[in-house]
Structures are given as structure tokens and as C-alpha cells.
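The block underneath contains the structure these notes are about, expressed in C-alpha cells.
The values are calculated or read from the model by the stated rules, or taken from the named source; none is laboratory data. Nothing here was measured: the structure is a model prediction, and the numbers come from that model. Quick reminder, even Gly has a Cβ in these numbers, built from the backbone with ideal geometry, and neighbours come from all protein chains shown.
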Amino acid sequence: MNHRKNGFLEACFVQLGLFLVAFMLWFYFRTKALLAGPPLADSYAQSWSFQFAVGAFYLVICLAALAAVFLAEAILLKIYRHFAGTERGHSGTP
């Protein structure tokens, strides 16, 4: 089996890394501002531990969405390679 290096996996890791950095920055500054603000009616929400639980919930949802984006990118790349190979007279398989 011939495996060509196409950079797709590396691009996925770069996107994942950028996403995690952006999420952590957003979470930290949002939580810090929320906890520094006026007291909330729900006192249990005024703690880092509760905010970590909420952040973990958001993180799971966002990672599922990112996985869907990766899947869509893989499908589109496969379709592109199939048609690009067909136009050049190749069968699309290595």
C-alpha cells in the first residue's frame, strides 16, 4: 500500500492546537471577568470549580463540532482528489 504524505493530518493537529489555545484564552478571560463582576443570584456559579464544569461542557460540544469539521474536510479532500485525478486521465487511485 502506497501512503503519500499529504499534510492533512498535520493540518488537523494545527487546527486542533489553535482551537484549544483560543478556547482556553476565551474561557480564562470570560471566567475571570464573570467572577470579578457583581455577585450573581446563584452563589454556586460564583466559583472556579463550577465554571470549570461549565467550560468542560462547552469544550466537549466544541470538540464534537470540530470533529465534524475535520470529517467534512476529509470528505471534500477525497472528492477533490477523485475529480482532479479523473481530469488528468488518472483513475484517482495511486
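Evaluation of W48 against the conditions (1) hydrophobic (A, V, I, L, M, F, W, C); (2) surrounded by 13 or more Cβ atoms within 10 Å (Cβ to Cβ); (3) touching a residue at least 12 places away in the same chain (Cβ under 8 Å) shows that the sole unmet condition is (2). Applying the criterion of being loosely packed, with under 15 Cβ neighbours inside 10 Å, of a type in the set (A, V, I, L, M) and closer than 20 Å to Y28 by Cα to the residues of the stretch 55-72, the residue that is nearest to the chain's Cα centre (by Cα) is L63.
Which residues, taken from the stretch 8-45, are among the polar types (S, T, N, Q) and touching a residue at least 12 places away in the same chain (Cβ under 8 Å)? Steps first, answer last, please.
Let us first name the residues in the stretch 8-45 that are among the polar types (S, T, N, Q), namely 15, 31, 43.
Selection gives Q15, T31.
Determine whether F27 is surrounded by 11 or more Cβ atoms within 10 Å (Cβ to Cβ) and over 12 Å from the mean Cα position of the chain (by Cα). Against the criterion (surrounded by 11 or more Cβ atoms within 10 Å (Cβ to Cβ) and over 12 Å from the mean Cα position of the chain (by Cα)), F27 qualifies. Please go through the stretch 73-83 and give me each residue that is free of Cβ contacts under 8 Å to residues at least 60 places away in the same chain and either surrounded by 12 or more Cβ atoms within 10 Å (Cβ to Cβ) or not hydrophobic (A, V, I, L, M, F, W, C) (or both), ordered by number. Selection gives K78, Y80, R81, H82.
Would you call A36 surrounded by fewer than 13 Cβ atoms within 10 Å (Cβ to Cβ), modelled with pLDDT under 95 and farther than 25 Å from L71 by Cβ?
Numbers: surrounded by fewer than 13 Cβ atoms within 10 Å (Cβ to Cβ): yes; modelled with pLDDT under 95: yes; farther than 25 Å from L71 by Cβ: yes.
Taking the combined requirement at face value, the residue satisfies it.
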